[in-house]
Amino acid sequence: MELFCFSFMVYELLAPVGDFRSLRAAVDAGADAVYFGIKGFNMRDSARNFSIRDLKKIRGICGSKNMYLTLNVVIYDGELGKIERIVKKAGKYVDAIICWDLAVIELCRKYGIPFHVSTQASVSNVAAAKFYKKLGAERIVLARELSLKQIKKIFKIIPIECFCHGAMCVAVSGRCFMSQHIHGLSANRGQCAQLCRRSWNITDDSGNELKLENSRVMSAKDLCTLPFIEEMKRAGITSFKIEGRNRSPEYVGVVVSEYRKALDGKLSRSEIVVGVENLKRVYHRGFSSGFYFGVPTADDFSWSENGEQSERKEFVGKVYKYWPKAGACSVRMSAGRLKVGDEAYLISDLVGCKRCVVKSIEFEGKGVEVAKKGQEVGVDFGVKVGSGVEVYLILGK
């Protein structure tokens with residue numbers, strides 16, 4: 001179902017899902033649509049990803065929400081048969097396929113499956129947009145290197161999708177050969193070793209070394225558009241895409257939740273400030289406005305080695321049993337400590353990711369304030385859980 005009309009806009013919030021945990025987190029947080037990959041044929045090969053057999057289950061979880069399958073890598077001759085089988089089977093479940101290789105586009109046309117042109121195609125002008133529209137594209141994921149002013153010209157041609165949050169790549173629309181050159185791992189096959197995120201030294205032919213103030217000269221900050229989301233709406237963007245198929249389910253849940261508020265209504269300045277602070281809780285490399293207001297400067301490159309998130313999670317145990325009527329569960333503590341009043345994440349394929357507060361703890365039939373490693377304790381988290389759910393203590397960085 002396409003969410004575009006020239007007389008008015010209906011905005012789609014598109015969430016990244018790399019596994020069933022992040023899928024449920026995205027759905028629970030209010031995503032309108034999700035995008036995901038099949039093992040071996042997407043730009044996030046290191047994510048857990050899904051198999052073709054998972055499509056029916058994914059559809060069951062998504063319900064009426066849109067499902068987009070990414071087949072956006074370079075395709076070789078020996079893979080055409082397998083790609084055709086995937087496209088044919090996927091057509092029964094997905095609402096569109098995100099692609100850019102003309103072989104995949106032709107297969108979508110052959111089987112009557114809607115397709116969206118991936119950002120890998122680096123569409124950055126009206127003529128290219130018209131070309132893909134003639135091929136039958138229903139939407140284009142525009143090149144990341146466009147400003148809002150440039151985007152305004154293209155949306156009149158075809159519905160457009162743009163990234164609103166997440167990691168930025170130093171290469172043009174993610175087309176990079178650095179990882180392939182050094183490690184034989186092709187970024188264009190989803191295997192990027194992220195060498196650009198490392199600290200680098202510069203030397204000349206004589207061995208003289210230049211000391212840089214920020215040695216992470218290729219590591220771009222993450223994109224964050226929450227402060228100017230209204231300007232993105234006015235630019236004609238109809239689908240707001242969050243990057244992050246390799247990121248955690250709590251990342252997906254938090255980011256989707258904040259952008260859901262922004263798309264449902266205009267946020268006040270104070271609400272934007274609170275929203276950005278909430279976004280800082282989960283993994284990020286600092287925030288940038290990307291190319292939306294012009295070419296990034298030196299300030300748009302990250303100084304971060306392990307992320308700048310304000311919170312981290314620590315695994316402490318797993319739910320062994322759950323009693324729905326009592327609303328309590330039995331937790332086997334494998335590490336650390338858990339106290340009454342602590343905030344925690346409950347994570348599994350079935351529950352996704354739930355943030356909660358420890359309301360009470362029982363050990364050997366008595367109320368206690370602290371659960372310790374090696375104990376099996378009764379815990380009331382105040383939310384529905386289930387056996388097998390992993391328990392993570394939320395800590396400041």
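Just so it is clear, none of the values below were taken in a lab; they were calculated from the coordinates. No experiment lies behind these values; they were computed from the predicted model shown. Glycine gets a Cβ as well: all are built from the backbone with ideal geometry, and neighbour counts include every protein chain shown.
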Exercise. Give, rounded to the nearest 20 debye, the magnitude of the charge dipole that the chain has about its Cα centre when Lys and Arg contribute +1 at Cβ and Asp and Glu contribute -1 at Cβ.
Key: 1100
Quiz item: On full extension of the chain, what length is gained from E376 through K359, given 0.36 nm per residue of separation minus the C-alpha to C-alpha distance?
Solution: 4.5 nm
Self-check item: Part-to-part distance (alpha-carbon centres) for the range 122-147 and the range 362-377, which is given in Å
Solution: 58
Quiz item: Which residues does a label at E277 reach in the range 381-397, if reach means a backbone N under 18 Å from a point 7 Å past the Cα toward the Cβ?
Solution: 395-397
Exercise. Pairs to check: K39/K261; K88/K318; K261/K339; K134/K233; K57/K130; K261/K325. Give those whose C-alpha atoms are more than 29 Å from each other in this structure.
Key: K39/K261; K88/K318; K261/K339; K57/K130; K261/K325
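Tell me, what does the Kirkwood hydrodynamic radius of the chain come to in angstroms if you use every pair of distinct C-alpha atoms? Spell out each step's value before the answer.
Working: mean 1/r = 0.0443 Å⁻¹.
Hydrodynamic radius (Kirkwood, Cα only) of the chain equals 22.6 Å.
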Practice problem: Just rank V273, V319, V17, V379, fewest to most, by other beta-carbon atoms within 10 angstrom. | Solution: V273, V319, V379, V17
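For the range 65-190, count the residues as N, evaluate 2.2 N^0.38 Å, and divide the Cα radius of gyration by that value, please. Don't skip to the end; give the middle numbers.
Values: Rg = 14.9 Å, N = 126, 2.2 N^0.38 = 13.8 Å.
Against the compact-globule rule of thumb, the ratio is 1.08.
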Quiz item: Per the Debye formula with a single identical scatterer at each Cα and no solvent contribution, what log10 I(q)/I(0) holds for the range 28-124 at q = 0.14, 0.17 Å⁻¹?
Solution: -0.48, -0.71
Quiz item: Going 7 Å from the Cα of W323 toward and past its Cβ, which residues in the range 378-397 have a backbone nitrogen under 13 Å from where you end up?
Solution: 378-380
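When only DSSP loop residues count, what chymotrypsin sites (Phe, Trp or Tyr not before Pro) in the range 292-397 have their Cβ near at most 15 other Cβ atoms within 10 Å? Show your work: numbers first, answer last.
Values: sites: Y292, F293, F301, W303, F315, Y320, Y322, Y345, F363, F381, Y392; in loops: Y292, F293, W303, F381.
Answer by residue number: F293, W303.
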Quiz item: Where does each of V351, V126, V254 land when they are ranked from fewest to most other beta-carbon atoms within 10 angstrom?
Solution: V126, V351, V254
Practice problem: Taking 7 Å along the Cα-to-C-beta vector as the label spot, tell me the E230-N306 distance in nanometres, rounded to one decimal. | Solution: 4.0
Exercise. Report, largest value first, the span of the C-alpha coordinates of the range 312-396 along each principal axis, in whole Å.
Key: 32, 30, 20
Exercise. Run the quick spin-label model on K152 and R85: label points 7 Å from Cα toward the beta carbon, then report their separation in nm to one decimal.
Key: 5.0
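Starting from 0.36 nm per residue, how many nanometres of slack lie between L135 and E369 once their C-alpha separation is accounted for?
Using 0.36 nm per residue and subtracting the Cα-Cα distance, I get 77.8 nm.
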